[in-house]
Amino acid sequence: MDGEKSLLLREGSVSPEKPSIHILVLEDNPGDVGLLKVALTKEKSFPCRLDAAPRLSEGLKRLAQEPFDAVVLDLYLPDSSGLETLCQVHHAAPQLPIIVLTGAGSKEAAVEALREGAEDYLLKDDVDGTLLTRSIRYALERHKLLTRLHEKEERYFLAAEGSNDGLWDWDLRTNKAFFSTRWKLMLGFSENEVGDDPNEWLLRVHPEDLEKVKQDLDQHISGQAVHYANEHRLRHKSGRYLWVLSRGQATFDSMGRATRIAGSFTDFTKHRNMEQQLALRAFYDPLTGLPNRDFFMVGLERAHLRLDRRPSALFAVFFLDLDRLKFVNDNLGHRAGDRFLVEFARRVKVSVRPSDLVARMGGDEFTVLLEDLHGPQEALEVADRIVGSLKIPMTLRDKSIPTLASIGIAYSDCGKKDADGILQAADAAMYQAKSEGKGRYAVFRA
């Protein structure tokens, strides 16, 4: 290069102080460097600054000291040869695209260099300005796109690893699925224990939830739903089930066919359990586990509303008052009283039909709702079973305690106009039974 190791090529108003592209050429043959100089000189629309280094060691030093946009590299230099030359340059400047410059006899090595990360290769005998600038432009653009893709993948990886959600990606064309490490850990599996079959997910869905999961997926993939979202239970490796919120979004081809759907899983088991606990506190008695007054009144209101559609339908309400609870509390303590209530609730529960609703109204008062009765006698048979189950005394702190309860019965056709009225009628009948000697039942009569 006429004793100069730097050449500035410019066009029009391009400033010498601010060249567009800075290229390092690692080439020990001055003649080949001169060919590059001539070739680039002819390309007026491609201003660049070209620096040359005849040895690998000098080139690595320049790369460490100066910013470059690309490297044009001869694989065979005085102090290095073959792919080792490429590897050292790539290690020194992994962010730069590399174009291999080679002779016809080294074409196979140049092709191998492409597999090892070079962006392109040029045969020295065929180099002209158009081919060289096109190769440099291609290398720069391709490297830029790959860098962006790598950064995007890196962001995705970091987001996936840092997220508490499990990520999934289902290729609908190949029917292969990707499940993130977090997804696998959520279900108790290591990285290699879950494959790429979508059934790794679907076969772990609780049988009661599977149909709805498939339905929601199909609706989104067919375009009927804007996105996919579903709450379902997913089987853990231990056999227990997690509650997960699964969300996803599909991509479609030019024909409107879904080609891929990707999304996330959020484990909300704790939240679901908390909701269930709140529901239990709101509608269930914590001591006996029976529904409470609020729950019972909802059931009674529904039963009464159904009378509008089926006036001939018959249901009955029992109002039960447990005798001797005060005696147990005063003489054996409240823990014994609690056991007394729990055992009473159990005996009532096993005496009624599976479809009947048993509730604790508070204190020593309980209710039962019996629907779909074929006649009044069916309710009386249930009452007889309850009274019979209470004839066996309870044993509390080694003491045998007689169990008695007064039961009032009111039918839906007792003449009351609303659910509260029917419950009050059953309460009145209970007091009638109590006045007649306890341990018995009485039916309300208007």
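Tabulated results
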item	result
Strands (runs of 3 or more DSSP E) contained in the stretch 46-103 and holding at least 1 residues at pLDDT below 85 and of a type in the set (A, V, I, L, M)	48-53, 98-102
Residue match in the stretch 254-266 (condition: out of contact with any Cys (no Cβ under 9 Å at 6 or more places or on another chain) and assigned to a helix (DSSP H, G or I))	no
Options Ala303, Ala359; residue that is touching a helix residue (DSSP H, G or I) at 6+ places or on another chain (Cβ under 8 Å), at pLDDT below 95 and assigned by TED's automatic domain parsing to the domain that holds Ile392	Ala303
Among residues of the stretch 321-339, those that are in contact (Cβ under 8 Å) with a residue 60 or more places away in the chain, touching a helix residue (DSSP H, G or I) at 6+ places or on another chain (Cβ under 7 Å) and within 18 Å of Met361 (Cβ to Cβ), counted	2
Subset of the stretch 350-361 (residues that are exposed (fewer than 14 other Cβ atoms within 10 Å of the Cβ) and either among the small types (Gly, Ala, Ser) or in contact with a His (Cβ under 7 Å, 6 or more places away or on another chain) (or both))	Ser355
Long-range neighbours under 7 Å by Cβ, at least six apart or interchain, first residue under 14 Å from Val213 (Cα atoms) within the stretch 235-248, second of a type in the set (Asp, Glu)	Trp243/Glu231; Val244/Asp267; Leu245/Glu231
Scan of the stretch 362-400 for residues that are in contact with a Phe, Trp or Tyr (Cβ under 7 Å, 6 or more places away or on another chain), among the β-branched types (Val, Ile, Thr) and surrounded by fewer than 19 Cβ atoms within 10 Å (Cβ to Cβ), ordered by number	Val387
Failed condition for Cys414, given (1) among the hydrophobic types (A, V, I, L, M, F, W, C); (2) touching a strand residue (DSSP E or B) at 6+ places or on another chain (Cβ under 6 Å); (3) not in a helix (DSSP H, G or I)	(2)
Residues that are part of a helix (DSSP H, G or I) and within 15 Å of the chain's Cα centre (by Cα), drawn from the stretch 197-208	Glu200, Trp201, Leu202
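The values are calculated or read from the model by the stated rules, or taken from the named source; none is laboratory data. Worth saying up front: this structure is predicted, and the values here are computed from it rather than measured. Note that we place each Cβ from the backbone using ideal geometry, even for glycine, and neighbour counts take in every protein chain shown.
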